[in-house]
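J.: The structure follows.
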Amino acid sequence: MFVSTDALTKKYGDMVALRACTLGVERGEVFGLLGPNGAGKTTLLRLILGFLRPTSGGATVDGLDCYHNSLQVRQRLAYLPGDARLFRQMKGRDALHFFTDVRPSGSRQRAEELAERLELDLSRRVGFMSTGMRQKLALAATMAAETEIIILDEPTANLDPTVRATVLNLVREAQAEGRTVLFSSHVLSEVEEVCDRVVILRKGELVHTQIVSDLKQQHLITLHTEMPQLEIPERLKSTLQLGVAAQGVVRLETDSKLGPVLEWLATLECDEVCIEPRGLRPVYDAYHPPEQPKS
């Protein structure tokens, strides 16, 4: 594995920020981290960066220990923190040039091209930029670095939908160049769109690993019907599961090809049929159930 952790643990006194986390990231993979605030995502990233000393266990990048060889590790990656701090007294272009020039392989031209794609006005002083503009500046500085690994912690925070789409395109382009991306986000649709694999963290523990392509074979089917009882044909019982049923509404789940299912659905008396990909939401909600409305 290009990036790996082995029983990686970080404690602050009695508080466990990350517990026995073991994972591996392939070279050229876009790897997603999901979980609410406090789940351990940022702690995991900072341990990989070598900013924190692990309490136990370890992490490596291409065989280099992330803590004991932290300088060599950081030379191979670019990091966008969730709370990026920039030089507020500088103009945007000067700040971008500063971050570009500190890297031996930095390119001012590439950085400015990225800023243009992100629709960023570099002539404005950083202190007078909006939160979204400063996020664009930090993104341009990070993505312009020609490193093997890019770590993005909440990269689309405070961005409008158009620029969010541009950021996802930049992630795809980085992967096409053979770079590895660690992508932490609260936005499930973004993670699902660009990531090859996703891990879900809860209270410092890695609780689930999901191959995103597997989700594309899974669908949720909602039927609006007045039929008193729905019998699944014997030939479909191994691939079609009956979910929650309420008055007039039946929900089914399938993880196989839709053709045989559609043939059966066509024989039913239904007022409405809705078929949608299962997606990450039900997987995520299984570990982080949404708060129920108070009665």
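The values are calculated or read from the model by the stated rules, or taken from the named source; none is laboratory data. Keep in mind that what you see is a predicted model, and the values were worked out from it rather than measured. Don't worry about glycine lacking a Cβ; one is built from the backbone with ideal geometry, like all the others, and counts go over all protein chains shown. These accessible areas exclude ligands, DNA and RNA; they are computed on the full protein's heavy atoms, side chains included. Shrake-Rupley method; radii C 1.70, N 1.55, O 1.52, S 1.80 Å.
J.: Can you give the accessible area of residue 271 in Å² (nearest 10), computed on protein heavy atoms with a 1.4 Å probe?
T.: The accessible area comes out at roughly 120 Å².
J.: Also, quick follow-up: I'd like to check one number: the per residue accessible area of the stretch 1-108, probe 1.4 Å, reported in Å² as a whole number. Each step should come with its number before you reach the end.
T.: Details: 5400 Å² over 108 residues.
I get 50 Å² per residue for the stretch 1-108.
J.: Using the Kirkwood formula over every pair of different C-alpha atoms, what hydrodynamic radius in Å results for the chain? Don't jump to the answer; show the numbers that get you there.
T.: On the way: mean 1/r = 0.0465 Å⁻¹.
For the chain, inverting the mean 1/r across all distinct Cα pairs yields 21.5 Å.
J.: Semi-axes of the equivalent ellipsoid of the stretch 1-154: what are they in whole Å, largest first, if each equals the square root of 5 times a C-alpha gyration tensor eigenvalue? Please list the in-between numbers first.
T.: Numbers: eigenvalues 186, 61, 34 Å².
So the equivalent ellipsoid measures 30, 17, 13 Å along its semi-axes.
J.: To continue, here is another question. Please return the longest range in the chain lying between exposed loop sites, taking trypsin sites (Lys or Arg not before Pro), DSSP loop only, at most 12 other beta-carbon atoms within 10 Å, and leaving the sites out. If you can, show how the numbers build up before the last one.
T.: On the way: sites that count: 85, 88, 216, 237, 257, 294.
That gives 89-215 as the longest site-free run.
J.: Give me the Debye-computed log₁₀ of I(q)/I(0) at q = 0.14 Å⁻¹ for the stretch 220-267, equal point scatterers on Cα only, no solvent, two decimals.
T.: Debye intensities relative to I(0), on a log10 scale: -0.31.
J.: Given 282, 158, 230, which one lies farthest toward the positive end of the charge dipole of the chain, if we put +1 on the Cβ of every Lys and Arg and -1 on the Cβ of every Asp and Glu?
T.: Of the options given, the answer is 158.
J.: So if we plug the beta-carbon distance of residue 267 and residue 241 into 1/(1 + (r/R0)^6) with R0 = 22 Å, what FRET efficiency do we get, rounded to 0.05?
T.: Calculated transfer efficiency: 0.70.
J.: Could you give the length gained by full extension between residue 109 and residue 209, i.e. 0.36 nm per residue of separation minus their alpha carbon distance, to one decimal place?
T.: Values: separation 100, 0.36 × 100 = 36.00 nm, distance 3.85 nm.
Stretched fully, the residue 109-residue 209 segment lengthens by 32.1 nm.
J.: Under 19 Å between alpha carbons, and skipping anything fewer than 8 positions from residue 203 in its own chain: which aspartates and glutamates qualify?
T.: Straight-line reach from residue 203, under 19 Å: 6, 14, 153, 154, 285, 291.
J.: If one computes the Cα centroid of the stretch 224-293 and of the stretch 6-71, what distance in Å separates the two points?
T.: A separation of 38 Å, based on Cα centres.
J.: Related question: First compute the accessible area of the chain with a 1.4 Å probe, then give the percent of it belonging to carbon and sulfur atoms. Numbers along the way, then the final one.
T.: On the way: 7400 of 15340 Å².
Heavy-atom surface of the chain belonging to carbon and sulfur, 1.4 Å probe: 48 percent.
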